[in-house]
Amino acid sequence: MKLLIDNELQERINKGELIIEGFKESDKSCWQDKNSAIQPCSLDLHIGEIFIPQEEDKSLTKHCLKPGETVVIRTIETLHLSNKCAAIGFPPSSISQNGILTTNPGHVDPGYRGPFHITLINMGQKAYPLEKGGLIVTLLVFELDSFSKGYLQRRNNSCQKEECPCIEIGQCDSDYNKTRKKPSELDYLASDFMNFEPRTKDIAKEAIRDAETSLKKMKILLSILTPIIVVLISGFFGYLNMVKSGKIEALEKINAESRLQKIEKSIDEFEYKEKIASIEKELKVLNEKLHQ
C-alpha cells in the first residue's frame, strides 16, 4: 500500500477516477499551483451543501456556525474510488485552529462513489462562517496492494463478481441518487451541541438572578448600616471639635501664664531700680554732709 502523491492524483483525476464531479477544470491543468485542490500528497475537498439538524430538509450554501452549533457538510466533489484505492479525510488546520471540531472524519472504502460528508461542531468562542466553495476536508488517498470487492459491490447484490467491471463506469450504484437527499445523520444530531445555547442562556439568567439577589442584600445592609455610619461620623467629628477646643484652651492658658510671668518680671525689675535709686540718693546726701 502506498500514499498517492500529486502527479499520481492528477493522473487519476484526468482519467475520471477519484473525483468525477465538482473538480475545478483549472486545477487539472494548474495542479502545481499553491491554491490547487491537488496538494503534494493530498486532495482538498470543498463545501457544497450545508445541512442544519432538526430543521427543514433544504440545504444552505452559506451559514454562520455559532458556538456550540452543529451542521453537516456535503462536499461539492463527488468521489469515485476504484477497488484498489481507499482514502482518509482530515479537517484542514485552517478549520481546526478556529475551534471547529469534526466528529466523523474517517476512511473512505474502496469502490465508494458519492460526496464526502462531515459533521462540524463549533467549540470555539466566536461564530465561524461557512460558504459554498470553502475548504472543508483534506483527503489522503492510498493505493492498495490487492484488488478487493469494493463498497458498491457489497451493497448491490446484483454484482457478485470478484472483479466487477461496471464499478469503473459507475453503473453499479443503484443507491447513488439517494445520496443527494439529506444526510441520514441529520435525524440523530442535535442542532445545538449538548444544548449549548440554552445552557448558556440559563447560566446567564442565573448569573443575573444572583447579581440581583446580591444587590437586594446590599441595599438592605446599607439601609441598616447607614444610620450607624452617620452616628459614628457625627461622633467622630464631635470628638475632633472637642479635641480642637481643648487644644485652643490649653494654648490660651499657656499664653496667659507666659504673659503673667513677663509682667511679674517687669514688676521685679522696676522695684529693684527704685531701691537702687533710693540708695544712690542717700549716698549722695551723706557725701555732701561729709564735705561740709
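The values are calculated or read from the model by the stated rules, or taken from the named source; none is laboratory data. None of the values given here were measured: they were computed from a predicted structure. Virtual Cβ from ideal backbone geometry, glycine too; neighbours counted across all protein chains shown.
From the list SER245, SER191, SER214, SER223, exactly one residue is small (Gly, Ala, Ser) and modelled with pLDDT under 70. Which is it?
Going through SER245, SER191, SER214, SER223 in turn, the sole match is SER191.
I'd like to know if the stretch 59-78 contains one or more residues that are among the acidic types (Asp, Glu) and part of a loop (DSSP other than H, G, I, E, B).
No, the stretch 59-78 contains no residue that is among the acidic types (Asp, Glu) and part of a loop (DSSP other than H, G, I, E, B).
Touching an Asp or Glu at 6+ places or on another chain (Cβ under 9 Å) and basic (Lys, Arg): does that describe LYS58?
Spelling it out, it is not the case that LYS58 is touching an Asp or Glu at 6+ places or on another chain (Cβ under 9 Å) and basic (Lys, Arg).
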